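Worksheet for the structure shown next.
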């Protein structure tokens, strides 16, 4: 007996998109996502995690699901934040490769093919916004945050704030997430022994909907999260066990 989401063949690609009050941007984005996926080989599914939206996001998604059988909708109740939305999406995903992106349309779904091409031999492919289309204050705050993260964690990632990423399912489903840790996926993958590579991707100015980003509002919580990840990294178990035969 198969459930509603079962199929004869598991999808190769799962796209996970957290969404909070994005009814304006989500429709055009899904058009692009499905158009891009149709050009890729292997089955696919698109999981939109509706994070307690109070606008028409759920209504839009239910309407789209009537014509898009590979669209899956997860409703989080109540609004629980991006880390929870990503974890719910990862746990539901059936694809060998999981691609994440924002619901605001600033990531270009056509770049999913670039991530897939670069995924051979890698556990994660991380998008780097080559020509970022954001207000200067947002770019400045991101640059500072990136430098602080890399300094304290001893890494070299260029743009962990870019949501367009690809992960092998087995490595990302094994992560234990806490609120705020979605900002640290690349570091968490490396702590698991995963291999990562960065790829330049496009970035677009927001055309629809309203940004929920606040550099000042995120600064202190993000720094406290960074200190927690630094402590996790220092205390991570590192050993190799061999059985005697």
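The values are calculated or read from the model by the stated rules, or taken from the named source; none is laboratory data. Keep in mind the model is a prediction, meaning the values are calculated, not measured. Don't worry about glycine lacking a Cβ; one is built from the backbone with ideal geometry, like all the others, and counts go over all protein chains shown.
Structure data summary
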{"read-out": "Count of region 58-79 residues which are without any contact (Cβ under 8 Å) to a residue 60 or more places away in the chain and under 18 Å from residue 100 (Cβ atoms)", "value": "6"}
{"read-out": "Those residues of region 152-172 which are loosely packed, with under 15 Cβ neighbours inside 10 Å and at pLDDT 85 or above, in sequence order", "value": "170"}
{"read-out": "Qualifying residues in region 13-34 (those that are out of contact with any strand residue (DSSP E or B) (no Cβ under 9 Å at 6 or more places or on another chain) and without any contact (Cβ under 8 Å) to a residue 60 or more places away in the chain) - the one surrounded by the most Cβ atoms within 10 Å (Cβ to Cβ)", "value": "27"}
{"read-out": "Count of residues meeting criterion [touching a strand residue (DSSP E or B) at 6+ places or on another chain (Cβ under 8 Å) and within 17 Å of residue 165 (Cα to Cα)] in region 35-63", "value": "8"}
{"read-out": "Single condition residue 84 does not satisfy, out of (1) modelled with pLDDT under 95; (2) within 17 Å of residue 102 (Cβ to Cβ); (3) touching a helix residue (DSSP H, G or I) at 6+ places or on another chain (Cβ under 8 Å)", "value": "(3)"}
